[in-house]
Amino acid sequence: MGNPLSEDTSPEAERIQLDILRRLPPWRKAQMVADGWECSRELAMAGLRRRHPEDSEQALRRRLAWLMLGDELALRVYGES
């Protein structure tokens, strides 16, 4: 099977996980990706709120854009601060 995807998962458990994922319909896989993205966005926003409690929601969303898009693309989308 090659290199394991996770160091703390047995090869048998990993094989079962991959078999389950392969059998999922495409819409469910897309849903899982979207859910993961939403969770990471919420965690990032929580971290930004903790580090910048004085910022408005708009300012926090802008900071998030810089984190997720990178400087060049965020600057093109949102312009200068």
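Computed from the coordinates by the stated procedures, all read-outs in this text should not be read as laboratory data. The structure presented is a predicted model; accordingly, all values stated were derived computationally and were not measured. Glycine gets a Cβ as well: all are built from the backbone with ideal geometry, and neighbour counts include every protein chain shown.
If you go through region 49-71 and keep only what is part of a helix (DSSP H, G or I) and either touching an Asp or Glu at 6+ places or on another chain (Cβ under 9 Å) or surrounded by 11 or more Cβ atoms within 10 Å (Cβ to Cβ) (or both), you end up with Arg49, Ala59, Leu60, Arg61, Arg62, Arg63, Leu64, Ala65, Trp66, Leu67, Met68, Leu69. Confirm whether Asp8 is surrounded by 12 or more Cβ atoms within 10 Å (Cβ to Cβ) and not in a helix (DSSP H, G or I). Taking the combined requirement at face value, the residue does not satisfy it.
Summed over region 32-78, residues that are closer than 30 Å to Leu21 by Cα and among the basic types (Lys, Arg) total 1.
Against the test of being assigned to a helix (DSSP H, G or I) and surrounded by 12 or more Cβ atoms within 10 Å (Cβ to Cβ), the options Ala46, Ala30, Ala34, Ala74 yield a single qualifying residue, Ala74.
When region 11-27 is filtered for residues that are loosely packed, with under 11 Cβ neighbours inside 10 Å and either of a type in the set (A, V, I, L, M, F, W, C) or in contact (Cβ under 8 Å) with a residue 24 or more places away in the chain (or both), the ones remaining, listed by number, are Ile20, Trp27.
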